[in-house]
Amino acid sequence: MHGDTEVAAAIREAGAAGIPLRIVGRGTWLNAGASVAAETTLSLRDDAGIRAYAPDDLTVTARAGTTLRELTETLARRDQWVALDPEGDPDGTLGATVATCSYGAAAALFGTPRDQVLGMTVVLGNGDIIRPGGKVVKNVAGFDLIRLMIGAWGTLGVITEITLRVRSRAMRGDSIAHMRRQMPASHGYREPVIVNAKISNALRQRFDPFGILNPGIMRDVE
Amino acid sequence: MTTSTGTPSLHADSPLAREQAGLDACVHCGFCLQACPTYLALEDESDSPRGRIVLMRALLDGSLPASDPDLRQHIDQCLGCRACETACPSGVPYGHLLEATRATMRGGHAPTFASRILLAVFAHRPLMRFAMAMARLLAATPIPTLLLKLPGRLGFGMAMLASTDFPLERAKYVAHGSGENGSAALLLGCVMEGLFTETNRATERVLRRNDYSMIAAPSQGCCGALHAHAGELGAARRLAKRNIAAFEKSGAQYIVTNSAGCGAMMKEYGHLFSGDAEWSQRASDVASRVRDVSELLAAAGPRSGGVIPFAVAYDAPCHLQHAQRITEAPLTVLRAIPGIELVPLDESDQCCGSAGIYNLLEPETSDAVLERKLDRIEASGAALVATGNPGCLMQIGGGLLRADMRARAVHPVDLLDASYAAD
Amino acid sequence: MTEPAATSVAEELRAIVGDRFVLERDAVLLAYQSDGLPGYHKRPSLAVFPGSRDETIEVVRLLATTGTSFVPRGAGTGLSGGALADDVVLLGLHRLKAVLDVDIARMRATVEPGVVNAALNKRLARHGVFYAPDPSSEAACTIGGNVAENAGGPHCLKYGVTLNHILAATVLLPDGEVMEIGDRDGGMAGYDLLGAFIGSEGCFGVALDITVRLTRRPAAVRTALADFAHVADATRATSAIIASGVVPAALEFMDNGTIRVVEESIFAAGYPIDAAAILLIEVDGSEESSDAEMEVVRSLCMESGARTVRVATNEAERMRLWQGRKKAFGAMGRLAPNLVVQDAVIPRTQLTDILAQIHAIGDSHGLTVCNVFHAGDGNLHPNISYDAGDPDQVERVHDAMSAIMQACITAGGSITGEHGVGLDKLPYMTKLFDEPTLAAMCDLRNAFDPDHRSNPGKVVPVHSCREWLAAPAARAPARRATDAR
């Protein structure tokens, strides 16, 4: 897959035909304990690359298939980084990290992916391409579709592009040590379960009206 | 976008119309809300400075008549403590707005019967002297102490009287001083001279001890503060003129008061006569010489005395803290007294609910505000609460007695005086 | 709504909360017709102030049964017209002000929505911890309102906004159902409904309680005032500091107009009144790191052309520097009877250019624009003082504000960084987002409040919703709420 319109076309086609899709990045990571009930795969591994990098604004925009390795190497050249360090292969994708809200040790000081994303492009289950957020570090315009998509495991839409908050490596550890927060674990991800069923199911019906996005991955616990 | 200020439809001569600029300064930011004792107690914005200013605007633009009962209720329920002025970034002159609003509303409705009687007594020296003499006689009997638990205003009045009894021993001493810090004439004050006579004498002693010479200003009277707060600006001006003449005649360098409410009023005599060709300058001159006793004492040191071993909390009278913006001087006085442990009092900048005659006219709100104050005093662990205003002394003092609390209210000057006596 | 129906709702509300806390008469509703942005006035049909969690639930369930719309309100200090109720019920939550739990071991506190931001921090102070988000209205605004707006503040540059400091909430949905969202222990499971709720501007229901994350106070704080003769020098210093890798706790900009207004107020902070701009810069952390970072900040400011950099030497001086900044907005009341303030955000590298554009826009409209803002994260607050009694001026102000917004959007920015969309920025939403994105926002709202009964007509223009596009006539009652009076 390459580009938003191609992803949107594929999703629209699958929706019309009622064909469930398994959304993957490089497919190297966890399966979160539940298998996806889909034969067809929508892979974003080739939809990769850094689209915009503004070191002085401390923001970077990359396609979902970009590997964390590539992102890290690019930013390191300007002595910068993004606070994303999920457990596992650095060749995992940015899209998967954000879609699962996977985090590592950095989260204790900087928060999880939920605290790093400034904007994104998402293709919804009806084929709509949406662009919530933006490229600025502070933004409360409109309802927060970004937080909704982070950790939704692709079930509310397929994330194709992400703008992130960038940090300087020169930041001194002892100026932020007091900000350390208690995390439930040193690494993890947002559990793909259905809680608050009434709202969650309403969201799924609205954002994935044909039920084709990673069906089966969100477990029912209630 | 719609307008937030309408064209004034009240007569341009109404006191409120003349304060239009003060009303316009409010940008509705709401920073005053948490500073307002009645908002905290009543939880309705119409009982907050921001809400009352909206009501004032409605009165000014004619969308509410002066007789509107809601308007009257919320304006009447204001303590006039002016804590909002200290919180206001725009510098809204709330105290002036309130007085002008009350004066404007009097055109539509007379003040309550009770307030008219009270204000009339304050305005007439023979009546005031008689009332105070009666109160003193009563205070000297055990009756107030016996009756202070009675419900309602009667019980509270008794508690207030009972609280005027000074909790420490008053030893006599002769105050010597060089007089080199200047001459001062004491504003005797209606309630201070009537019920806190000894505090007035103590004030004269501690000032002499700190090298001020004391001069009498015999024909002085009520400062007019209560009348101005109630919107009776005519009566307030009459009383002010008498005092201006009296203090001019005294020739004293300073006019000193130990009553924060009277001091705040006298410092604003200039504003009271603004636009009055004959009196404006004289009023401003007198106002510029007015000092709270704590200012003069702090400027002089003050001299140190004997040990007074008590935990003391300072509660700022609104008319000292917010109207006169005097915060440090009373603390400087207290810190100069050996043995005093100054304990922090949460919300010491908040009104106690006394507010002149408010506690007699709006008992329910006043009680709600006082209750919060007593809770904070209890938490402070203080044995004495120092506050430099007769209304606050009796409100807090009476409240402490009725609540069976151990602490007592005292004037800071009395503590300094006791310290000198113990030296 | 017909008159008798409203009356009977009022009677039932009185039975729940008591007579004193249901307001219906014109005079007593006046105080509730505006929030902190007084250019807008809307009269609620009535106002109701529940005094407890249970009363709140009863009230909202009653409103649900009768199909009545309502607008939640905290302290009414918002700057977007978000808490205005246009002929619907105003639901004041300011009486719910209990701090329910402070758990220092787990670094969290649970509060009712009406708890005032500064009151919470006053209570936390003795434990050496604080709740980080510090909107300038902290002395009056409520935590519930902060959650609704995803409030920011000067120190969000380092500490993050409200979103980053809320662990969980108990939410009362508009249909009366009570729901727990988030996880007090910091766990993450299911869709991030908490993240969606924060910043939903009262459109998704109300919070009954909120569990906030506490942060340890840094061991040291250094606050500096840098004084510049040219605006461009101050913005260059800002860029240099951000690029250096030092992350200040706060980095605030004030221009000459703002400095003068503050210095005339009782919060006069000793700012140099002849400066074209000043930066208020704070760093914190350990003693050593703070000194080292302040040294970096100082030399970057001097290199960028600062005339002086003064570091506060004691806490009183530091607080004085901050008071001036925090009360700057209110102090604008000195200039003219009315005030508009915007909240656009731009990429930080565009600051110099945008400030020049704002200045030019002010000039061409014959208006003075004062700027006081969070330079560190590019969050602008252009203020224009004006006289609403002058229709020509009102029109020029409106045009100038639109031009400023358009310039910020063109620069790749956003229309609001922390004040919210409310009523005020509704017209700009369609300039910032395309139709599918706005429709998706409607869908998100519909999951929480399918009937749009909670704060109707705010945030997303109703004509952006799929249902509206499909059947405009069916949504007619909802449209009324967005119409200007």
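No lab work stands behind these numbers, since they all come straight from the coordinates. Because the structure is predicted, anything quoted here is derived from the model rather than measured. Ideal geometry is used to build each Cβ from the backbone, glycine not excepted, and the neighbour counts take in all protein chains shown.
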- prompt: Residue-wise, which Karplus ³J(HN,Hα) couplings in Hz belong to segment C:269-276, taking 6.51 cos²θ - 1.76 cosθ + 1.60, θ = phi - 60°, and x for glycine or proline?
  reply: 10, x, 6, x, 6, 9, 6, 6
- request: Mind putting a number on the dipole of chain B about its Cα centre? Charges go on the C-beta only, +1 for Lys and Arg and -1 for Asp and Glu, and I need it in Debye to the nearest 20.
  value: 1260 debye
field: Largest-first principal axis extents of the Cα set of chain C (Å)
entry: 68, 58, 43
task: Once you have the Cα-Cα distance between residue B:213 and residue B:288, take 0.36 nm times their residue separation minus that, and quote the gain in nm to one decimal.
output: 25.1 nm
task: Quick one: check the C-alpha center-to-center distance for segment C:231-306 versus segment B:266-332, whole angstrom.
output: 38 Å
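At 1.306 mPa s and 10 °C, plugging the Kirkwood radius over alpha-carbon pairs of segment B:357-423 into Stokes-Einstein gives what diffusion coefficient in µm²/s? Working shown, then result.
Working: Rh = 12.7 Å.
D = 125 µm²/s.
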- prompt: So, in Å, what gap is there between the alpha-carbon centers of segment B:19-55 and segment B:389-410?
  reply: 29 Å
field: Degrees between helix C:435-448 axis and first principal axis of chain C (Cα, 0 to 90, nearest 10)
entry: 60 degrees
message: Can you compute the modelled spin-label distance between residue B:341 and residue C:390, with each label point 7 Å from Cα toward Cβ, in nm?
response: 6.1 nm
message: Every cysteine in chain B with no other Cys Cβ under 4.7 Å from its Cβ, please list them in numeric order.
response: B:26, B:29, B:36, B:78, B:88, B:190, B:222, B:352, B:392
- prompt: What number in nm² do you get for the protein assembly as shown if you take the convex hull of its Cα atoms and divide its surface by four?
  reply: 44.4 nm²
- request: Enumerate the amide H contacts of residue C:267 below 5 Å, restricted to partners 5 or more residues apart or on another chain; note that Pro and chain-start residues carry no placed amide H.
  value: none
field: Nitroxide proxy distance, nm - points 7 Å out along Cα→Cβ at residue A:182 and residue C:8
entry: 5.1 nm
statement: Residues whose modelled amide H sits under 5 Å from the amide H of residue C:88, counting only those 5 or more places away in sequence or on another chain, are C:45
field: Inter-chain shielding of C:458-465 (mean C-beta neighbours from other protein chains, 10 Å cut-off)
entry: 1
query: Computed over the Cα atoms of segment B:53-145, what is the convex hull's projected area averaged over all directions, in nm²?
result: 8.8 nm²
query: Which of B:37, B:101, B:247 sits closest to the plus end of the dipole of chain B, meaning its Cα is farthest towards the positive end, when Lys and Arg get +1 and Asp and Glu get -1 on the C-beta?
result: B:247
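With +1 on the Cβ of every Lys and Arg and -1 on the Cβ of every Asp and Glu, and nothing else charged, how large is the dipole of the protein assembly as shown about its Cα centre, in debye rounded to the nearest 20?
Details: 107 positive and 129 negative charges, 434 e Å.
Around 2080 debye, computed over the protein assembly as shown.
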- prompt: Where Rh is the Kirkwood radius over the Cα pairs of chain A, the temperature 10 °C and the viscosity 1.306 mPa s, what D in µm²/s does Stokes-Einstein return?
  reply: 90 µm²/s
statement: Karplus ³J(HN,Hα) for segment C:59-68 (6.51 cos²θ - 1.76 cosθ + 1.60, θ = phi - 60°; Hz, whole; x = Gly/Pro) runs 4, 5, 5, 5, 5, 5, 4, 8, x, 8
- prompt: Taking every residue in C:178-191, how many Cβ atoms of other protein chains lie within 10 Å of its Cβ, on average?
  reply: 6
- request: Mind giving me the nanometre distance, one decimal, between the label points for residue C:61 and residue A:79, set 7 Å out from Cα along Cα→Cβ?
  value: 6.1 nm
query: Using a 4.7 Å Cβ cut-off, which Cys residues in chain C lack a partner cysteine?
result: C:141, C:156, C:203, C:301, C:370, C:408
query: What net charge is computed for the residues neighbouring residue B:273, neighbours being all others with C-beta under 12 Å from the C-beta of residue B:273, Lys and Arg scored +1, Asp and Glu -1?
result: 0
- prompt: Can you work out the FRET efficiency for the pair residue C:121 and residue B:183, with r the C-beta to C-beta distance and R0 = 51 Å, to the nearest 0.05?
  reply: 0.60
- line: Taking R0 as 25 Å and r as the Cβ-Cβ distance between residue B:129 and residue B:281, the FRET efficiency 1/(1 + (r/R0)^6), rounded to the nearest 0.05, comes to 0.20
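For segment A:38-81, would you read off the P(r) tail past 18 Å as a percentage of all alpha carbon pairs? Each step should come with its number before you reach the end.
Details: 319 of 946 pairs.
Result for the distance tail: 34 percent.
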field: Ordering of B:112-119, C:22-29, B:255-262 by burial proxy (mean other Cβ atoms within 10 Å per residue, highest first)
entry: B:255-262, C:22-29, B:112-119
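More than 19 Å apart: what percent of Cα pairs in segment C:61-123 qualify? List each step's numbers first, then the result.
On the way: 913 of 1953 pairs.
In whole percent, the long-distance tail amounts to 47.
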- request: For chain B, calculate the relative contact order in percent as a whole number, restricting contacts to Cα pairs under 8 Å that are 6 or more residues apart.
  value: 17 percent
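Please average, across the residues of B:61-70, the number of beta carbons from any other chain that are within 10 Å of each residue's own beta carbon, and give a whole number.
Details: counts 0, 0, 3, 3, 1, 0, 0, 4, 2, 7.
Average neighbour count from other chains, rounded to a whole number: 2.
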- prompt: Which cross-chain or sequence-distant (5 or more) residues have an amide H under 5 Å from the amide H of residue B:214, H modelled 1.01 Å from N in plane?
  reply: B:184
field: HN-Hα J in Hz across segment B:197-206 - Karplus 6.51, -1.76, 1.60, θ = phi - 60°, x for Gly and Pro
entry: 3, 5, 5, 5, 5, 4, 4, 4, 5, 5
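Going by average Cβ neighbours within 10 Å, how do the peptides B:143-153, C:326-336, B:200-210 rank, with the highest at the top?
Numbers: B:143-153: 14.3, C:326-336: 24.5, B:200-210: 22.8.
Descending packing order for the listed peptides: C:326-336, B:200-210, B:143-153.
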Partners for residue B:149 among lysines (Cα-Cα distance below 22 Å; same-chain residues under 8 apart left out): B:373
- request: Set the Förster radius R0 to 45 Å, insert the Cβ-Cβ distance between residue B:168 and residue C:19 as r into 1/(1 + (r/R0)^6), and round the FRET efficiency to 0.05.
  value: 0.45
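Can you give the relative contact order of segment C:220-320 as a percent, counting alpha carbon pairs under 8 Å and 6+ residues apart? Before the final figure, lay out the partial values.
Numbers: 166 pairs, mean separation 48.1, N = 101.
Answer for segment C:220-320 is 48 percent.
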Highest average packing first - B:337-345, A:207-215, B:82-90, Cβ atoms within 10 Å: B:82-90, A:207-215, B:337-345
field: Where GluC sites (Glu not before Pro) fall in DSSP loop in segment A:52-140, at most 10 other Cβ within 10 Å
entry: none
- line: Measuring from its Cα centre, segment C:292-340 shows a charge dipole (+1 at each Lys and Arg Cβ, -1 at each Asp and Glu Cβ) which, in debye to the nearest 20, is 340 debye
task: Determine the relative contact order of chain C: mean sequence separation of Cα pairs under 8 Å and six or more apart, normalised by residue count, in whole percent.
output: 14 percent
task: Across chain C, how many lysine pairs, 8 or more positions apart or on different chains, have C-alpha atoms separated by under 22 Å? Please give the number.
output: 10
task: Select from B:301, C:335, C:398 the residue farthest towards the positive end of the dipole of the protein assembly as shown; place +1 on Cβ of Lys and Arg, -1 on Cβ of Asp and Glu, and compute about the Cα centre.
output: B:301
- prompt: Using 0.36 nm per residue, how much length does the chain from residue C:87 to residue C:216 gain when fully extended, once their Cα-Cα distance is taken away?
  reply: 42.0 nm
task: Distance between Cα centroids, segment C:324-389 to segment C:395-456: provide it in whole Å.
output: 19 Å
